[in-house]
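Report on the structure given below.
Every number in this text was worked out from the coordinates using simple rules, so none of it is lab data. These figures come from a predicted structure and were not determined experimentally. Reconstructed Cβ throughout: ideal geometry from the backbone, glycine too, with neighbour counts over all protein chains shown.
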Amino acid sequence: MNDSRSHMNIGAASVILLITVFALTVFAVLSIRASYNERGMAQRGRDAVERYYEADVRAEEIYGRLLAARREAGDGAAAQEILSLAEIPADILTQAEENLIVCEIAVDHNRTLRLVFELSKTGLSVKEWRLVSGTSGTYGEEIDIWDGIFTE
């Protein structure tokens, strides 16, 4: 006598095995893709930090040059005179006002390191040293958007 209760259906087990393998494959591909994206974000973050610290080193050099120029020029020197004595590289935006010297060092396409130094009777002090985010693009541009009407 054949006992049908002890017989296993091989087709159902194969289908379950195939679905399980497919699901595990999909999850493996998704996790590899997620790790690739995380690696890219980490590299972009590392690059941004490196660019900031390179700009910060340049800012320290400028501060040293301005201090040396201030000592060389004497106590009654104007901001423009100290700025010209400091010989700051041309790629750094500088501006001299009454008793302020403003320098802007490009960090990347959208950020600058802004330095503001204040002249006093005793020396040169740092009034501002911060990272400034700029805007990219102009808002005055017109964008040609289709209004849904066909013209010929």
- Could you please let me know if Asp75 is touching a residue at least 12 places away in the same chain (Cβ under 8 Å) and farther than 21 Å from Glu128 by Cα? yes
- Task: Considering only residues that are surrounded by 14 or more Cβ atoms within 10 Å (Cβ to Cβ) and among the small types (Gly, Ala, Ser), look in the stretch 85-111 and name the one that is farthest from Gly123 (Cα to Cα).
- Result: Ala106
- Task: Six or more apart or on different chains, Cβ under 8 Å: which pairs go from a residue in the stretch 104-128 that's farther than 28 Å from Ala48 by Cα and without any contact (Cβ under 8 Å) to a residue 40 or more places away in the chain to one that's in a strand (DSSP E or B) and of a type in the set (Gly, Ala, Ser)? Could you list them?
- Result: Glu118/Ser125
